[in-house]
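Reading through the structure tokens given below for one structure.
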Amino acid sequence: MPPSTNLQTLSSGLESLDRILEGPQWGDTIVFHLNSWDEYYPFIELITNFLQVQNIPLHYFAFSEKPASFNTGLSPVFIHDLSRLESLERLSEELFQAFAQNDSHVFYILDNVSELVRMAGAEKELVILLQKISAELTERQAAAYVALERNLLSNATVAQIRDAVPIFLDIQSIDSALYFQPIKVQGRYSEHMFKRYRILEGSVHPESALDFEDYARTLEKKSKEFLELYAQKRDLEKDLQKKGFELSLVNDITSSLLSTMNLDEILFRILVGVTAQEGLGFNRAFLLLVNNEEKMLEGKIAIGPSSLEEALRIWTDLKTRHLTFRELLASFDKEWEQRDIYVNQIVRKIRIPLSERSHLLIDLLAHMQPEIIGYDIPSHRHPEEILRLLEVRSFAAVPLLFRKRSLGLLLADNLVTQRDITADDVEMLETFANYASAAIQHARLYEEVRTRIKESERHIHELEAMQNRLIRSKKLSELGELASKMAHEIRTPLVSIGGFANAMLRSQAPDSPNSEYLKIIVEEVRRLEAIISDVLAYVSPGIPRTKPVDLNGILDQVIFLMNVLLREKKIRVHFNYAKDLSPIKVDPDQIKQVLMAIINNAIESMSEGGELGLATHRHNDFVRISISDTGTGISEDKRDKVFDAFFTTKSTGSGLGLNIASQIITNHKGSIYVESQVGMGSTFIINLPTILLGEESHVTTLDR
């Protein structure tokens with residue numbers, strides 16, 4: 001049945017009690033702090049009588065198996081047996097479902113809520129539930145009586161419940177007499193507060209003035225003692241919580257920093273520790289390091305959003321990934337710079353000489369003390385430039401110190417949330433910076449050791465290569481000496497054999513059967529003489545006998561000498577000479593030998609004909625000769641070997657032609673190299689200095 005629509009006030013059922021409480025009123029939650037159910041029943045009987053007369057619905061919530069101890073027939077009563085529930089969550093659902101099914105001006109009676117601690121994991125959950133119930137009843141303009149049994153909850157929890165509800169009454173029965181004392185009547189404080197009253201024969205009577213004064217003094221004393229102890233307890237709990245958080249944070253961060261020696265990863269993890277919600281909780285962080293070589297303070301890296309929208313996106317992304325703090329610290333990847341582009345653009349603008357001692361950041365670095373810098377914070381410095389760069393009103397700055405030596409600065413701010421930076425924040429940031437400094441220094445030392453090890457390995461390899469070259473040079477020298485002796489020994493009889501074979505060939509008739517054999521002997525003798533000449537030239541190429549010559553003219557002479565062979569192989573020659581080419585000092589015979597060796601190779605690579613290109617031009621202090629062909633080309637794995645001694649891809653030949661050519665060009669203080677592509681042809685390029693040979697101090701480096 002719905003309540004009376006004209007109802008404006010609510011009564012406890014006893015007019016004298018209403019005057020003391022100045023109510024109860026709709027929206028109130030009244031807690032009775034008592035020893036047993038017997039102390040609760042008289043108040044319930046009074047209210048049910050009133051509700052029955054006013055025809056107001058009553059809901060009774062039982063949290064234990066004992067039946068309701070009042071006459072349910074006096075008023076429309078709805079019994080809710082919640083004793084079967086095993087969790088506070090389910091009980092809360094049942095309660096608020098009942099609230100939602102009723103209109104305003106409904107009265108509720110709750111059994112002993114102290115028993116609900118068995119469902120809650122902690123007393124804190126019970127306090128939260130009562131806060132929600134009180135807020136719900138206030139919003140719905142309903143009301144409730146709540147029983148709270150003594151000695152089942154801690155004093156701190158009772159105090160929190162008292163603060164969570166509008167009316168709190170302390171109930172006691174002494175010698176069959178029932179006493180109560182208003183401890184809290186929110187917003188309706190009167191002279192009746194903290195006085196002790198007795199319910200007798202349907203009315204309320206105050207205790208004697210003397211009894212009241214003694215009781216009040218005792219109560220005040222005990223209350224002060226309790227509040228002091230409670231405040232001390234809360235402070236200790238807060239300190240312990242803070243220390244526990246600090247220890248846990250330091251443990252996670254130090255173990256993470258020690259797990260890597262990569263400096264970039266360490267710097268990234270430092271910034272994550274500063275900005276992560278599980279860490280220090282700043283919005284943004286900037287790392288500036290000292291560059292000792294250039295004597296500069298340089299911005300290295302930064303982390304943080306540039307706007308509220310970006311911050312919400314990042315924070316939402318982190319929540320969906322469900323990373324632990326350790327996993328977050330170890331999540332270094334190359335994408336973080338792309339995610340935090342703007343702050344990294346800011347930090348890289350910071351580059352300040354260490355000698356500029358008047359600059360704010362250099363001053364902070366020199367003083368080695370953490371500080372909060374801001375527009376509203378008094379200071380002899382002028383922070384406007386840095387505050388404008390960071391686009392904030394304040395930031396924290398902590399030096400990175402290792403053994404009293406400054407490594408850099410760690411800056412942090414709250415651009416997005418605009419939360420004030422406290423002294424506790426700076427203290428935590430300083431603690432964290434101490435461990436970060438050690439990690440940075442160790443990583444730098446590790447990199448320095450690695451660099452020195454690499455340099456030592458390089459020096460060792462160079463020494464080994466030098467030793468191998470010396471051994472090889474000695475062997476080649478011995479081999480060259482042996483080859484020279486053998487070549488001279490072989491050349492004398494070989495010349496005789498060739499001479500006799502030529503004489504016999506001339507004396508034979510053209511159709512003589514011995515003519516072919518003699519021709520073969522003559523050709524093979526010539527081939528052997530060419531090989532011997534190559535060996536002698538390789539062993540002792542000779543000192544260039546230089547004189548001023550026209551390189552274009554030498555190229556023409558070589559082509560004239562090889563013209564018959566070029567026509568036989570169907571090779572067309574293209575010339576592209578520099579017209580203003582001045583004579584240079586070279587050994588013309590040796591240069592001809594070089595050109596003929598290269599052109600011979602080009603002819604052999606164009607077995608089915610092709611094109612040969614010859615070009616000359618000035619290049620800085622050098623004359624460049626380019627010889628190009630359209631032959632088969634040289635593969636990449638063989639390109640670097642073409643100038644090596646005895647290397648050849650042909651079935652005949654000594655493999656010394658290009659090696660000798662290289663030696664000759666080197667002796668002329670020049671260079672030779674090849675550019676080639678398989679199937680497209682090759683280009684040999686020769687650079688010869690235009691200055692006099694022997695003036696080495698004026699020879700410039702060749703530019704390929």
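The values are calculated or read from the model by the stated rules, or taken from the named source; none is laboratory data. This one's a predicted model, so the numbers in the text were calculated from it and none came from an experiment. All Cβ positions, even for glycine, are placed from backbone atoms using ideal geometry, and neighbour counts span all protein chains on display.
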Restricting attention to segment 402-425, and to residues there that are within 25 Å of SER358 (Cβ to Cβ) and at pLDDT below 85, which single residue is nearest to the chain's Cα centre (by Cα)? SER406
Of everything in segment 129-158 that's surrounded by fewer than 16 Cβ atoms within 10 Å (Cβ to Cβ) and not hydroxyl-bearing (Ser, Thr, Tyr), which residue is nearest to LEU58 (Cα to Cα)? GLN141
All conditions in (1) part of a helix (DSSP H, G or I); (2) in contact with a helix residue (DSSP H, G or I) (Cβ under 9 Å, 6 or more places away or on another chain); (3) at pLDDT 65 or above are true of GLU228 except (2)
Could you please let me know if ILE373 is free of Cβ contacts under 8 Å to residues at least 60 places away in the same chain and either buried (at least 18 other Cβ atoms within 10 Å of the Cβ) or within 23 Å of LEU415 (Cα to Cα) (or both)? yes
Kindly indicate the residue of segment 553-575 that is assigned to a helix (DSSP H, G or I) and among the charged types (D, E, K, R) and also farthest from SER628 (Cα to Cα) among those meeting that condition. GLU568
Matching residues, segment 550-584, being more than 24 Å from ILE603 (Cβ to Cβ) and aliphatic (A, V, I, L, M): ALA578, LEU581, ILE584
Picked from segment 104-128 (must be modelled with pLDDT under 85 and surrounded by fewer than 16 Cβ atoms within 10 Å (Cβ to Cβ)), the residue nearest to LEU148 (Cα to Cα) is GLU115
Select from segment 625-646 the residues that are surrounded by 12 or more Cβ atoms within 10 Å (Cβ to Cβ) and in a helix (DSSP H, G or I) and write down the one among them that is modelled with the lowest pLDDT. ARG639
Find the residue count for segment 153-199, including only residues that are part of a loop (DSSP other than H, G, I, E, B), under 20 Å from ASP38 (Cα atoms) and in contact (Cβ under 8 Å) with a residue 40 or more places away in the chain. 0
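Would it be correct to say that THR451 is of a type outside the set (A, V, I, L, M), assigned to a helix (DSSP H, G or I), at pLDDT below 75 and not assigned by TED's automatic domain parsing to the domain that holds ALA661?
It is false that THR451 is of a type outside the set (A, V, I, L, M), assigned to a helix (DSSP H, G or I), at pLDDT below 75 and not assigned by TED's automatic domain parsing to the domain that holds ALA661.
Here's the yes/no breakdown for (1) under 20 Å from GLU86 (Cα atoms); (2) hydrophobic (A, V, I, L, M, F, W, C):
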| site | (1), (2) |
| --- | --- |
| GLN101 | no, no |
| TYR108 | no, no |
| ALA143 | no, yes |
| ARG150 | no, no |
| LEU153 | yes, yes |
| THR157 | no, no |
| ASP170 | no, no |
| SER176 | no, no |
| TYR179 | no, no |
Only residues that are surrounded by 20 or more Cβ atoms within 10 Å (Cβ to Cβ) and part of a strand (DSSP E or B): list them for segment 382-401, please. PHE395, ALA396, ALA397, VAL398, PRO399, LEU400
Can you tell me which residue in segment 3-31 is modelled with the highest pLDDT, limited to those that are in a loop (DSSP other than H, G, I, E, B) and acidic (Asp, Glu)? ASP28
Residue count for segment 91-144, restricted to those that are under 45 Å from the mean Cα position of the chain (by Cα) and either outside the structural domain of PHE168 (by TED's automatic domain parsing) or assigned to a helix (DSSP H, G or I) (or both): 11
When you scan segment 421-448, how many residues do you find that are touching a strand residue (DSSP E or B) at 6+ places or on another chain (Cβ under 8 Å) and not in a helix (DSSP H, G or I)? 1
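Listed here are the residues, each with its yes/no results for (1) under 28 Å from ILE591 (Cα atoms); (2) of a type in the set (A, V, I, L, M, F, W, C); (3) at pLDDT 70 or above.
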site: ALA483; (1), (2), (3): yes, yes, no
site: ARG491; (1), (2), (3): yes, no, no
site: LEU505; (1), (2), (3): no, yes, yes
site: SER515; (1), (2), (3): no, no, yes
site: ILE531; (1), (2), (3): yes, yes, no
site: VAL539; (1), (2), (3): yes, yes, no
site: LEU551; (1), (2), (3): yes, yes, yes
site: LEU561; (1), (2), (3): yes, yes, yes
site: VAL564; (1), (2), (3): yes, yes, yes
Report, by residue number, each residue of segment 557-601 that is crowded, with 19+ Cβ neighbours inside 10 Å and within 60 Å of the chain's Cα centre (by Cα). VAL594, LEU595, ALA597, ILE598, ILE599, ASN601
